[in-house]
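To start, the structure under review is shown below, and the notes come after it.
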Amino acid sequence: MFTGASFPLGPFTPYEGNPILRPKGDSWESANLYNPAALVDGDEVVLLYRAHADDIVSHIGIARSSDGVNFTREDAPILSPSEDYERYGCEDPRIALIDGTYYLTYTGWDRRSAQLCLATSTDLRSWTKHGPLFDDFDTFKTMDPRGFNWSKAGVIVPQKVHGKWWMYFGEGGIYWATSDDLLHWTPGTPDTEPMYSPTPGTWDEALVEIGTSPVVTDNGLLVMLTNGATRTVHEDGSVDVDYRCGQIAIDPDEPTKVLARLQEPWLRPQTFEDMHGLVSNVTFVEGLVKFQGRWFAYYGQSDTTLAVAIHDPAQPWGRALRDGADSNTGEE
């Protein structure tokens, strides 16, 4: 279970060949492609990504890579809208593999309510949908109440904590839920009591959202990459957003508390693709894997293209100090 990770995890460097996946053709993925879940399957990285045509009805596709950056995608999506609660999109997947079963959380969108849904599979192609996980739960309740069911962004801890399965979820604020069977989930608190909320005056003051599934550090903490945003409202009523990527750490002995937060984002919009798209000024992370000795963080660029940032543990934080120490021999 221990992965060689530490907190904070990084530094991550955006891949010079980004975007690694773009929309293509005139099919279901012709307009926008972004926000992937990621896992390692044998000697390959697998991405389950969100894409859609101009109708903005999202499906989830699959792509594989032997090096983490060059991907081959399949022509058909692996998950598409089929139920009323998701009739306008299966969006923003996250994934966990537990005892041979893949547990895929995603957002079901009906153009009114965004609901956290669950599907399971044993082969990544044939999926059983289990529907929305929560009723009458609004993860924006303490900030900008929706007035109806709204829940997104669920990540499952791939081993039991205190005898239960745990999930962290939420857009707006971050909450937690537990389960005995990985299928039925109970929030640990009312929607008026998030375990973590936006930090006023900072880069995530408008909202926080769980990004990636947790990884375990060598000293036993759960580390998750997160998303945060600021909003600027102009005199004409238009709104500009800026989504950046952060990190939190949780002690499994006290799994309902955020122990530490990265005070500055490790990724922010910088490139043309990061700053121009369906929703501009967005870097949005959902997939994280350790593959061939390096960490790969996969993220959407302005809800339009898909990119990766890479951390090589041989190049940790503090390079400037080490470079200076290496050049200073102490001799005159």
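Annotations for the structure displayed:
- Filtered residues of segment 152-163 (kept if under 14 Å from the mean Cα position of the chain (by Cα), on the phi < 0 side of the Ramachandran plot and assigned to a loop (DSSP other than H, G, I, E, B)): Lys152, Val157
- Selection status of Asp84, surrounded by fewer than 16 Cβ atoms within 10 Å (Cβ to Cβ) and out of contact with any Asp or Glu (no Cβ under 8 Å at 6 or more places or on another chain): no
- Checked against the criteria, Ala63 counts as touching a Leu at 6+ places or on another chain (Cβ under 6 Å) and surrounded by fewer than 24 Cβ atoms within 10 Å (Cβ to Cβ).
- Leading residue by the ranking (surrounded by the most Cβ atoms within 10 Å (Cβ to Cβ)) among those in segment 233-265 that are of a type outside the set (Asp, Glu) and in contact with a His (Cβ under 9 Å, 6 or more places away or on another chain): Pro255
- Residue tally, condition farther than 27 Å from Tyr196 by Cα and exposed (fewer than 13 other Cβ atoms within 10 Å of the Cβ), over segment 121-150: 5
- Looking across segment 32-60, the residues that are surrounded by fewer than 24 Cβ atoms within 10 Å (Cβ to Cβ) and not hydrophobic (A, V, I, L, M, F, W, C) come down to Asp41, Gly42, Asp43, Glu44, Asp54, Asp55, His59.
- Residue in segment 172-194 that is in contact with a Phe, Trp or Tyr (Cβ under 8 Å, 6 or more places away or on another chain), surrounded by fewer than 22 Cβ atoms within 10 Å (Cβ to Cβ) and within 18 Å of Ala229 (Cβ to Cβ) present: yes
- The residues of segment 304-332 that are at pLDDT 95 or above and either closer than 14 Å to Glu273 by Cβ or among the hydroxyl-bearing types (Ser, Thr, Tyr) (or both), listed by number, are Thr304, Thr305, Leu306, Ala307, Val308, Ala309.
- Screening segment 3-109 for strands (runs of 3 or more DSSP E) wholly inside it with 2 or more residues that are under 19 Å from Ala307 (Cα atoms) and of a type in the set (Gly, Ala, Ser) returns the ranges 32-41, 59-65.
- Filtered residues of segment 240-289 (kept if of a type in the set (D, E, K, R), in contact (Cβ under 8 Å) with a residue 12 or more places away in the chain and part of a loop (DSSP other than H, G, I, E, B)): Asp251, Lys257, Glu264, Arg268
The values are calculated or read from the model by the stated rules, or taken from the named source; none is laboratory data. Since the structure is predicted, the reported quantities are computational estimates derived from the model, not experimental observations. With ideal geometry, Cβ positions are generated from the backbone for all residues, glycine too; neighbour counts draw on all protein chains shown.
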